[in-house]
Structures are given as C-alpha cells and as structure tokens.
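Enquirer: Pasting a structure here, questions to come.
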Amino acid sequence: MLDRPHGARLHWEVSGSDAGRGALYLHGGPGGGLGPGGYRRVFDPERYRIVGFDQRGCGASTPWAIDDLEHLDTNTTGALIADIEALREHLGIDRWLVYGVSWGSTLALAYAQAHPGRVTEVILLAVTSGASDEIDWITEGVGRIFPEAWAELAALVPPGERVVEAYARMLRDPDPAVRARAADAWDAWESAHIALSPWAGAGPLHEDQRMRENFATLVTHYWSQDCFLDVPVLERMDRLAGIPGVLIHGRLDVSGPAVTPWRLHRAWPGSELHILEDEGHGGPGAVAIASATADRFARG
C-alpha cells in the first residue's frame with residue numbers, strides 16, 4: 001500500500017523480473033480495478049518488471065469512493081498522474097513502458113504528456129481520450145443504436161440536464177435508495193452498449209451491488225467533468241514526439257468509435273494504428289497484438 005493525500009491508500013503489485021524493463025498497467029473504468037491479474041500475461045516476466053495498481057477509490061485501494069464521498073472531488077486525473085509518479089519514485093523506476101486499456105488509455109496519454117521523460121513506449125488498447133464529444137456519444141449519442149436501453153437510462157434524468165451530470169449528482173445523493181437506483185440504471189446501460197462485442201457476457205456488468213455503485217460513482221464523476229482534462233489530450237500530442245506508440249482498437253466498439261484512435265494516430269508521428277475488424281471493446285486479438293508489441297519493444 002502507498003499512502004497518498006486525503007487519506008487515500010493505493011494498492012500496488014509487482015511481478016516479473018527485478019532486473020527487467022519497467023512496465024506500468026493502467027486499468028479501465030474509472031473504477032474498474034486490476035481484477036485477477038490477467039494484464040500480466042501481456043508481458044514476458046523474464047524481460048519486464050510489471051507494475052499494476054488500483055486507482056484511487058477502487059479495487060484493493062482504500063477507501064472506496066462510495067465510502068468517502070466527502071473527498072470525491074480530490075479524485076481527479078491530476079491526482080492520478082501524481083499517484084503514478086509517486087509510485088514510480090517509490091519503486092525506484094527511472095522510465096517505464098505504459099500500457100493502458102479503455103479509460104486507462106486516456107490516463108496513459110495524460111500521464112505521458114505530463115511526464116514524457118519518464119515514458120519509454122506507450123501501448124493503448126480499446127482507445128479513449130476523455131474528450132467531451134466521446135463522453136456525449138457514449139452517454140447519449142449511442143442511444144440511437146440502443147434506443148430501448150437509452151430510454152430507460154434517460155427516464156431518471158430531468159428534461160434539459162446532461163445525462164452524465166444527472167447521474168453524477170444522483171450517485172452523490174444523501175439518500176442511499178437514490179444512489180442504488182442510479183447505480184442499477186447505469187449498470188444496465190453499460191451492459192447494453194458493450195453488447196455488440198463478440199465476447200460481451202449477458203446480464204449485469206457488475207453483479208455485486210457495492211461494486212456496481214462504486215464503479216458508476218467514479219465513472220460519472222470523471223465523465224461529468226470531461227475527465228478533468230483542462231486541455232484535450234488530442235491537442236497535446238506534440239508532447240509525445242519521439243515516444244513509440246501503438247494504438248489497438250476494435251471496429252465493432254460502438255461505445256468508442258474508431259475515429260478516436262485514428263485521430264490520435266494522425267496527430268502522433270511514428271505511432272502505429274491497428275483496427276481489428278471482428279472485435280469490439282477489447283478481445284483476444286487485441287491482447288495478442290499488445291503482447292507481441294511488448295515483446296518487440298523489449299528486444300529493442
């Protein structure tokens with residue numbers, strides 16, 4: 001555990017070789033957590049020192065967002081970037097590869113733009129950039145594809161209010177019943193718009209009620225503030241000049257259309273873009289490309 005400001009304690013873990021190249025994994029969400037550790041399989045444990053951590057307010061980090069709503073406003077992208085740097089210094093790693101998935105790709109880009117001298121390479125999977133138009137699409141625009149599910153999501157939103165802002169407000173309501181109802185509706189919506197992925201499971205995104213509420217609270221907190229990015233990631237791609245980057249995305253990812261990685265790739269000289277025609281928001285093909293890329297970077 002790593003102690004951070006405002007009472008946050010970050011769970012981190014290291015695997016692989018102590019003498020290996022540093023590699024940092026950034027999980028999705030916000031609020032998804034590390035999970036059972038499958039991210040490690042992307043990296044050769046004989047070549048890499050593999051680092052993962054649960055971002056503030058989720059996973060094995062403490063306290064969870066829903067248990068510390070009074071400090072939720074201190075949970076920002078800037079705070080997460082500072083957490084990453086604190087962890088790097090704590091572990092004595094000079095520079096590392098950064099691997100981000102979904103929301104983790106946004107965080108990876110924001111971190112690399114803030115600290116380009118600490119990043120050797122970047123691998124992004126299921127690419128997002130946290131831009132307001134992406135958030136409006138995933139919370140409102142994609143409802144044109146899933147009108148039944150979106151109607152149920154919007155049923156709790158007062159006329160004229162931005163959907164994600166309404167849910168962020170409800171998930172901080174002092175009434176537990178209001179928060180639970182909003183979390184259930186949000187989870188149903190998330191389950192609906194990722195359904196086109198061939199590997200998407202049926203049923204709720206999160207079976208556990210506390211996890212459902214915590215995830216929804218963090219996602220809407222970040223998305224309602226356009227991920228706390230004062231300057232959009234796309235407008236700062238010049239800061240990544242000279243850093244090798246690989247962007248991997250599924251054509252069937254209707255939640256995050258391929259235009260996002262395409263725009264980032266065009267603004268990032270020397271980057272590579274891989275669009276997989278038969279995958280959605282991640283999948284085995286995307287992970288295989290990420291692993292092959294990590295092997296290639298390790299060989300120099």
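Enquirer: Report, by residue number, each residue of segment 54-68 that is more than 10 Å from Leu218 (Cα to Cα) and in a helix (DSSP H, G or I).
Expert: Residues of segment 54-68 more than 10 Å from Leu218 (Cα to Cα): 54-55, 59-63, 67-68.
If the condition is that a residue be more than 10 Å from Leu218 (Cα to Cα) and in a helix (DSSP H, G or I), then Asp67 is the only one that fits.
Enquirer: Could you tell me whether any residue of segment 84-101 is closer than 30 Å to Arg179 by Cα and touching a Gly at 6+ places or on another chain (Cβ under 9 Å)?
Expert: Within segment 84-101, one or more residues are closer than 30 Å to Arg179 by Cα and touching a Gly at 6+ places or on another chain (Cβ under 9 Å).
Enquirer: Applying the selection to segment 104-127, what residues are more than 16 Å from Asp83 (Cα to Cα) and either outside the structural domain of Asp54 (by TED's automatic domain parsing) or aliphatic (A, V, I, L, M) (or both)?
Expert: Val122, Ile123, Leu124, Leu125, Ala126, Val127
Enquirer: Something else now. Identify, please: which residue in segment 213-238 is more than 15 Å from the chain's Cα centre (by Cα) and part of a helix (DSSP H, G or I) and is, among those, farthest from Ala188 (Cα to Cα)?
Expert: My answer is Asp238.
Enquirer: When you go through Val163, Val101, Val127 one by one, which is the residue that is farther than 30 Å from Ile289 by Cα and of a type in the set (Val, Ile, Thr)?
Expert: Val163
Enquirer: Can we say Asp278 is in a loop (DSSP other than H, G, I, E, B), surrounded by 17 or more Cβ atoms within 10 Å (Cβ to Cβ) and of a type in the set (Asp, Glu)? Spell out the reasoning first.
Expert: Numbers: in a loop (DSSP other than H, G, I, E, B): yes; surrounded by 17 or more Cβ atoms within 10 Å (Cβ to Cβ): no; of a type in the set (Asp, Glu): yes.
It is false that Asp278 is in a loop (DSSP other than H, G, I, E, B), surrounded by 17 or more Cβ atoms within 10 Å (Cβ to Cβ) and of a type in the set (Asp, Glu).
Enquirer: Asp133 - would you say it is under 17 Å from the mean Cα position of the chain (by Cα) and surrounded by 14 or more Cβ atoms within 10 Å (Cβ to Cβ)?
Expert: Values: under 17 Å from the mean Cα position of the chain (by Cα): yes; surrounded by 14 or more Cβ atoms within 10 Å (Cβ to Cβ): no.
Answer is no for this residue.
Enquirer: Would you please name the residue that is farthest from Arg299 (Cα to Cα), looking only at residues in segment 43-53 that are free of Cβ contacts under 8 Å to residues at least 60 places away in the same chain and not in a strand (DSSP E or B)? Don't jump to the end; show me each part of the working.
Expert: Step one: of segment 43-53, the residues free of Cβ contacts under 8 Å to residues at least 60 places away in the same chain are 45-46, 49-53.
Now narrow it down to the ones that are not in a strand (DSSP E or B): 45-46.
Values: Pro45: 14, Glu46: 12 Å.
Residue satisfying both the conditions and the ranking: Pro45.
Enquirer: Now, a different point. Mind telling me which of the residues Val246, Val254 ends up being within 21 Å of the chain's Cα centre (by Cα) and at pLDDT below 95? Show your work before the answer.
Expert: Working: Val246 fails: at pLDDT below 95.
Unique residue meeting the criteria: Val254.
Enquirer: Oh, and also: Find the helices (runs of 4 or more DSSP H) located wholly in segment 98-195 whose residues include 2 or more that are over 19 Å from Ser255 (Cβ atoms) and of a type outside the set (Asp, Glu), and list them. Talk me through it step by step, then tell me what you get.
Expert: Details: elements: 103-114, 132-139, 147-154, 163-170, 176-193.
So the answer is 103-114, 163-170, 176-193.
Enquirer: Separate question: Would you check if Gly256 is surrounded by fewer than 18 Cβ atoms within 10 Å (Cβ to Cβ), part of a loop (DSSP other than H, G, I, E, B) and not aliphatic (A, V, I, L, M)?
Expert: Numbers: surrounded by fewer than 18 Cβ atoms within 10 Å (Cβ to Cβ): no; part of a loop (DSSP other than H, G, I, E, B): yes; not aliphatic (A, V, I, L, M): yes.
Criteria not met by Gly256.
Enquirer: In segment 120-153, what residues are aliphatic (A, V, I, L, M), touching a residue at least 12 places away in the same chain (Cβ under 8 Å) and farther than 19 Å from His27 by Cα? It would help to see each step written out before you state the result.
Expert: Going through segment 120-153, the residues aliphatic (A, V, I, L, M) turn out to be 122-127, 131, 135, 138, 142, 145, 149, 151, 153.
If we keep only those that are touching a residue at least 12 places away in the same chain (Cβ under 8 Å) too, we end up with 122-127, 131, 135, 138, 142, 145, 149, 153.
Across segment 120-153, the qualifying residues are Val142, Ile145, Ala149, Leu153.
Enquirer: Looking only at segment 75-92, filter to residues that are in contact with a Leu (Cβ under 8 Å, 6 or more places away or on another chain) and touching a residue at least 40 places away in the same chain (Cβ under 8 Å); which one of those is surrounded by the fewest Cβ atoms within 10 Å (Cβ to Cβ)?
Expert: Taking segment 75-92 as the starting set, the residues that turn out to be in contact with a Leu (Cβ under 8 Å, 6 or more places away or on another chain) are 75, 77, 80-81, 83-84, 86-88, 90.
The next check asks that each one be touching a residue at least 40 places away in the same chain (Cβ under 8 Å); those that pass are 75, 77, 83-84, 86-88, 90.
On the way: Asn75: 25, Thr77: 22, Asp83: 22, Ile84: 25, Ala86: 15, Leu87: 17, Arg88: 19, His90: 12.
Ranking the qualifying residues of segment 75-92, first place goes to His90.
Enquirer: Hey, another quick one. Looking at segment 5-42, which of its residues are in a loop (DSSP other than H, G, I, E, B) and either more than 18 Å from Ser102 (Cα to Cα) or not assigned by TED's automatic domain parsing to the domain that holds Ile84 (or both)?
Expert: Here is the first cut: in segment 5-42, the ones in a loop (DSSP other than H, G, I, E, B) are 8, 11, 17-20, 27-37.
Ala8, His11, Ser17, Asp18, Ala19, Gly20, listed by residue number.
Enquirer: Taking Leu72 as the residue in question, decide whether it is in contact (Cβ under 8 Å) with a residue 24 or more places away in the chain and outside any helix (DSSP H, G or I). Outline the logic, then answer.
Expert: Numbers: in contact (Cβ under 8 Å) with a residue 24 or more places away in the chain: yes; outside any helix (DSSP H, G or I): no.
Criteria not met by Leu72.
The values are calculated or read from the model by the stated rules, or taken from the named source; none is laboratory data. What you are looking at is a predicted structure, and each value in this text was computed from that prediction instead of being measured. Cβ: placed from backbone, ideal geometry, glycine included. Neighbour counts: every protein chain shown.
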